[in-house]
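The values are calculated or read from the model by the stated rules, or taken from the named source; none is laboratory data. Since this is a predicted model, take the numbers as computed values, not measurements. In this analysis, Cβ positions are derived from the backbone assuming ideal geometry, glycine residues included, and neighbour counts consider all displayed protein chains.
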Amino acid sequence: MNRPIDLRSDTVTRPTRGMLEAMARAEVGDDVLGDDPTVIRLQERVAELMGKEAACYVPSGSMANQTAIRAQCEPGDEIIAHGESHIIHYETGGPAALSGCMVRPLSGERGQFDVRDVEGAARNASIHAPASRLLVIENTQNRCGGSVWALERVERVTARARALGLRTHLDGARIWNACAATGRAPREYARNFDTVSCCFSKGLGAPVGSAVCGDRATVARVARFRKMFGGAMRQSGLLAAAALHALDHHVERLKDDHANARRLGAALARVPGLSLAYEVETNMVFVEVEPRLGSAADVCQRLKGLGVLALPNAPTRIRFVCHLDVSAEQVDRAAELVAEAVGAAAHA
Ligand SMILES: Cc1ncc(COP(=O)(O)O)c(C=O)c1O
């Protein structure tokens, strides 16, 4: 059987031949001892892209967020973030377990909030209350449609947060997609934050790796917690070479994934019983399934039988993600197969 059309996530991509060749050529050292030249080159490159003094290469986006949180917060502190954010849903309670922090969830459409929400959540200093310490913004926002924060909103929200004494962190796992959608440079977003995490292993197609960028002192703390959390690696230049290759070759093409996602969204919106949960803004398509067709998990199971992989993201919602390893033709084919899976259910 052919390999399935895998739309579960942009993390499923396999390294291209060019990327594997770059990895094989990589000059390496021992990064825990600080002398892997390829890791050093990647850290300098990403720090420069983000307009920050320094960067620390880490194994995953979750470790990037959690080391950034630990570097800036103490037990008893409170983090302000949207209630649908990755740090709340998918990092196994990391802020509580690793940093002893509470998270104050905000609400707002498309995973976004505004100045008033931050003003309402930030606490006055008091011996009774947790100390409001860190504001986290996720861009693009995964669970709410892969939505993009407009730069103007980021600027006004983070300016107010800073005036209230908060530090600011950008969960920029998909900042590259936000920039592809808005035409902004990463540093335009990054300059509003004390720390920025970004991933090479999502839309950029590297097999592993993320980075945390910020000022030298904060990044030194991130590197210390990376070691504590078990994420310091030895000849990781092999992996950093894949990330450098991705920065050279896979940033410009993100707009193709966005075009494919729009194409998929338009096709799925025409299927009776399905509707778009969000307007398609980047590489993600969220579809609402009418209950008469069964649950989102049922539909995904039927789809799997037809050779299309997607993930349920709520009882009646499915997420499809476009990436480097799916072509426009495969997207069209996937849409036909979704229509077939849903049609079969409607007539069952
Ligand atoms: C917004 C966001 N942040 C962080 C992460 C964590 O990345 P990782 O899976 O590499 O830990 C993800 C993963 O999909 C994500 O979507």
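A Cβ distance below 6 Å, combined with a sequence gap of six or more or placement on separate chains, defines the contacts here; from segment 166-193, residues that are without any contact (Cβ under 8 Å) to a residue 60 or more places away in the chain reach residues that are within 16 Å of the ligand (Cβ to nearest atom) and aromatic (Phe, Trp, Tyr) in the pairs 168/193; 170/193.
On inspection, residue 203 fails the criterion of being touching a residue at least 40 places away in the same chain (Cβ under 8 Å), assigned to a loop (DSSP other than H, G, I, E, B) and touching a strand residue (DSSP E or B) at 6+ places or on another chain (Cβ under 6 Å). When you scan segment 23-35, do you find a residue that is more than 30 Å from residue 306 (Cβ to Cβ), of a type outside the set (D, E, K, R), touching a His at 6+ places or on another chain (Cβ under 9 Å) and in contact (Cβ under 8 Å) with a residue 40 or more places away in the chain, even just one? Yes; the residues of segment 23-35 include at least one that is more than 30 Å from residue 306 (Cβ to Cβ), of a type outside the set (D, E, K, R), touching a His at 6+ places or on another chain (Cβ under 9 Å) and in contact (Cβ under 8 Å) with a residue 40 or more places away in the chain. For segment 285-296, the candidate set comprises residues that are of a type outside the set (Gly, Ala, Ser) and in contact with a helix residue (DSSP H, G or I) (Cβ under 8 Å, 6 or more places away or on another chain); within that set, the residue that is surrounded by the most Cβ atoms within 10 Å (Cβ to Cβ) is 285.
Condition check ((1) surrounded by 18 or more Cβ atoms within 10 Å (Cβ to Cβ); (2) of a type in the set (Ser, Thr, Tyr)) across all residues:
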residue	(1), (2)
191	no, no
218	yes, yes
239	yes, no
245	yes, no
255	no, no
258	yes, no
276	no, no
283	yes, no
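Elements of the type helices (runs of 4 or more DSSP H) sitting completely within segment 224-313 and holding at least 1 residues that are in contact with a Lys or Arg (Cβ under 6 Å, 6 or more places away or on another chain): these cover 296-306.
If we only count helices (runs of 4 or more DSSP H) wholly inside segment 1-116, which ones have 3 or more residues that are touching a helix residue (DSSP H, G or I) at 6+ places or on another chain (Cβ under 7 Å)?
Values: elements: 17-25, 37-50, 61-72, 86-89, 94-99.
Per the criteria, 17-25, 37-50, 61-72, 94-99.
Set side by side, the residues 266, 310 differ, and just one is at pLDDT 95 or above, buried (at least 23 other Cβ atoms within 10 Å of the Cβ) and not polar (S, T, N, Q), which is 310.
Using the structure shown, decide if residue 60 is under 24 Å from residue 241 (Cα atoms) and either within 15 Å of the ligand (Cβ to nearest atom) or not assigned by TED's automatic domain parsing to the domain that holds residue 130 (or both). Even if it seems obvious, please write down each step before you answer.
On the way: under 24 Å from residue 241 (Cα atoms): yes; either within 15 Å of the ligand (Cβ to nearest atom) or not assigned by TED's automatic domain parsing to the domain that holds residue 130 (or both): yes.
Judged against the criteria, residue 60 is a match.
The requirement of being buried (at least 18 other Cβ atoms within 10 Å of the Cβ), of a type in the set (Asp, Glu), within 16 Å of the ligand (Cβ to nearest atom) and within 21 Å of residue 257 (Cβ to Cβ) is fulfilled nowhere in segment 78-89; no residue meets it. Across segment 167-189, the qualifying residues are those that are part of a loop (DSSP other than H, G, I, E, B) and surrounded by fewer than 23 Cβ atoms within 10 Å (Cβ to Cβ), and the one among them that is nearest to the ligand (Cβ to nearest atom) is 184.
If only one of 271, 208, 222, 251 is buried (at least 24 other Cβ atoms within 10 Å of the Cβ), touching a residue at least 60 places away in the same chain (Cβ under 8 Å) and either farther than 23 Å from residue 67 by Cα or among the aliphatic types (A, V, I, L, M) (or both), which one is it? It is 222. Can you tell me which residue within segment 132-143, out of those that are over 19 Å from residue 187 (Cα atoms) and more than 12 Å from the chain's Cα centre (by Cα), is surrounded by the most Cβ atoms within 10 Å (Cβ to Cβ)? The extreme case among them is 134.
Given the condition within 16 Å of the ligand (Cβ to nearest atom) and crowded, with 21+ Cβ neighbours inside 10 Å, answer yes or no: does some residue in segment 17-36 qualify? Reasoning before the result, please.
Of the residues in segment 17-36, the ones within 16 Å of the ligand (Cβ to nearest atom) are none.
The answer is no; no qualifying residue exists.
Anything in segment 150-162 that is in contact (Cβ under 8 Å) with a residue 40 or more places away in the chain and out of contact with any helix residue (DSSP H, G or I) (no Cβ under 7 Å at 6 or more places or on another chain)? List them, or say none. If you could, list the steps in order and put the result at the bottom.
The first filter runs over segment 150-162 and keeps only residues in contact (Cβ under 8 Å) with a residue 40 or more places away in the chain, leaving 153, 156-157, 160-161.
153 - this is the single residue of segment 150-162 that is in contact (Cβ under 8 Å) with a residue 40 or more places away in the chain and out of contact with any helix residue (DSSP H, G or I) (no Cβ under 7 Å at 6 or more places or on another chain).
So, residue 162, is that one surrounded by fewer than 22 Cβ atoms within 10 Å (Cβ to Cβ) and of a type in the set (D, E, K, R) or not?
Against the criterion (surrounded by fewer than 22 Cβ atoms within 10 Å (Cβ to Cβ) and of a type in the set (D, E, K, R)), residue 162 qualifies.
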